[in-house]
Amino acid sequence: MTAHSSRFPVTDATSSTSPPLVALIPAYQEAATIAGVVRRLCTVMPGLSVLVVDDGSTDDTAAIAKAAGATVLRCASNEGKGAALRRGMRHATAMGAALVVTLDGDGQHRPEDLPRLLALAGPGVIVIGSRRGAAGQPAARRRANRVADFWISWAARHPVADSQSGFRIYPTAALADLARYDGRARRFSFESEILIDAARAGIMTVAAEIPALYGPTLQRASHFRPVADIARIVIMVAGKLLARGMDPVGLWRSLRQESQEKRDAPTA
């Protein structure tokens with residue numbers, strides 16, 4: 001029996017019962033890859049509800065995703081990844097989802113790795129598919145991600161591995177107050193801020209190791225801009241830390257737990 005079937009069974013796509021698990025894919029100009037991602041998800045988990053939020057694409061992303069079997073929500077214009085995620089999360093929770101899986105539509109995340117994340121999923125944790133220990137991540141992206149990880153771990157008061165990975169599982173408890181992000185956090189900072197806010201509400205983040213897929217695997221350049229987007233994330237986190245007097249307790253807890261995890265990690 002697989003991990004997901006024992007804890008969060010997926011209902012048949014034709015069932016009138018609300019699905020406890022919904023896969024959400026924010027997509028912008030992903031006509032080349034979106035069908036493969038949707039179909040592979042449905043192969044990994046037959047009956048899975050797949051929701052694609054087309055973020056103002058001018059290509060055939062929406063039509064291709066629908067033909068592949070996804071439910072499609074269309075934004076009239078490009079609103080940014082954060083806004084697209086929130087729109088999809090609201091729709092998924094309205095469907096009755098207990099867990100919302102997010103992954104990118106460009107092929108960067110392998111649907112076949114979903115069971116690794118589901119094995120750690122539950123109502124009180126956010127699971128991130130972490131590429132931290134994987135080879136193949138571009139050096140500039142790796143350095144930018146480590147900077148973000150440091151700041152987010154500090155504000156969350158516990159180590160967060162690969163905070164910039166979009167392959168995640170959210171419990172609906174972490175999605176209860178999405179309105180607080182409206183009007184801001186339109187791009188990638190939303191995915192960072194929600195980890196901090198969830199941690200402060202008692203919802204921790206855990207990591208499931210996944211491969212890093214870059215280079216010729218992808219059909220287009222990433223929409224993520226390492227310098228500009230990480231700068232926005234650091235400014236956002238700094239604001240949260242300043243509101244807590246720079247939270248020295250959070251820094252101490254994060255560094256202590258990370259040091260303990262390194263000591264406990266098995267050696268090769």
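Going through (1) open to solvent by less than 10 Å² (accessible area, probe 1.4 Å); (2) out of contact with any Lys or Arg (no Cβ under 7 Å at 6 or more places or on another chain) one by one, Val53 falls short only on (2). Entry remark, the stretch 70-97: residues being within 26 Å of Pro115 (Cα to Cα) and touching a residue at least 40 places away in the same chain (Cβ under 8 Å) number 15 in total.
With respect to (1) hydroxyl-bearing (Ser, Thr, Tyr); (2) within 21 Å of Arg110 (Cβ to Cβ); (3) at pLDDT 95 or above, the lone exception for Ser57 is condition (2). Test Ala35 against the criterion of being over 24 Å from Asp113 (Cβ atoms) and part of a helix (DSSP H, G or I), and give yes or no. So Ala35 fails the test. Note on the stretch 155-203: residues that are assigned to a loop (DSSP other than H, G, I, E, B), open to solvent by 10 Å² or more (accessible area, probe 1.4 Å) and aliphatic (A, V, I, L, M) total 5.
Looking across the stretch 124-150 at every residue that is among the aliphatic types (A, V, I, L, M) and open to solvent by 60 Å² or more (accessible area, probe 1.4 Å), the one that is modelled with the highest pLDDT is identified as Val147. Has the stretch 205-220 got at least one residue that is open to solvent by 60 Å² or more (accessible area, probe 1.4 Å) and modelled with pLDDT of 75 or more? Checked the stretch 205-220: at least one residue is open to solvent by 60 Å² or more (accessible area, probe 1.4 Å) and modelled with pLDDT of 75 or more. Selection of the stretch 108-123 for residues being touching a residue at least 60 places away in the same chain (Cβ under 8 Å) and open to solvent by 40 Å² or more (accessible area, probe 1.4 Å) yields Arg110, Glu112, Pro115, Arg116, Ala119, Leu120. Arg142 meets the conditions (1) free of Cβ contacts under 8 Å to residues at least 24 places away in the same chain; (2) in a helix (DSSP H, G or I); (3) within 26 Å of Leu51 (Cβ to Cβ) in every case but one. The failed one is (3). Taken over the stretch 63-81, residues that are surrounded by 23 or more Cβ atoms within 10 Å (Cβ to Cβ) and of a type outside the set (Val, Ile, Thr) amount to 3.
Residues are listed down the side, and each one gets a yes or a no for (1) touching a strand residue (DSSP E or B) at 6+ places or on another chain (Cβ under 6 Å); (2) of a type in the set (Gly, Ala, Ser):
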{"site": "Ala68", "(1), (2)": "no, yes"}
{"site": "Val72", "(1), (2)": "yes, no"}
{"site": "Ser77", "(1), (2)": "no, yes"}
{"site": "Lys81", "(1), (2)": "yes, no"}
{"site": "Asp104", "(1), (2)": "no, no"}
{"site": "Gln108", "(1), (2)": "no, no"}
{"site": "Glu112", "(1), (2)": "no, no"}
{"site": "Arg116", "(1), (2)": "yes, no"}
{"site": "Ala119", "(1), (2)": "no, yes"}
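The values are calculated or read from the model by the stated rules, or taken from the named source; none is laboratory data. Quantities reported herein were computed from a predicted structural model and do not represent experimental measurements. Note that we place each Cβ from the backbone using ideal geometry, even for glycine, and neighbour counts take in every protein chain shown. Heads up: the accessible areas ignore ligands, DNA and RNA and are worked out on the full protein's heavy atoms, side chains in. Shrake-Rupley method; radii C 1.70, N 1.55, O 1.52, S 1.80 Å.
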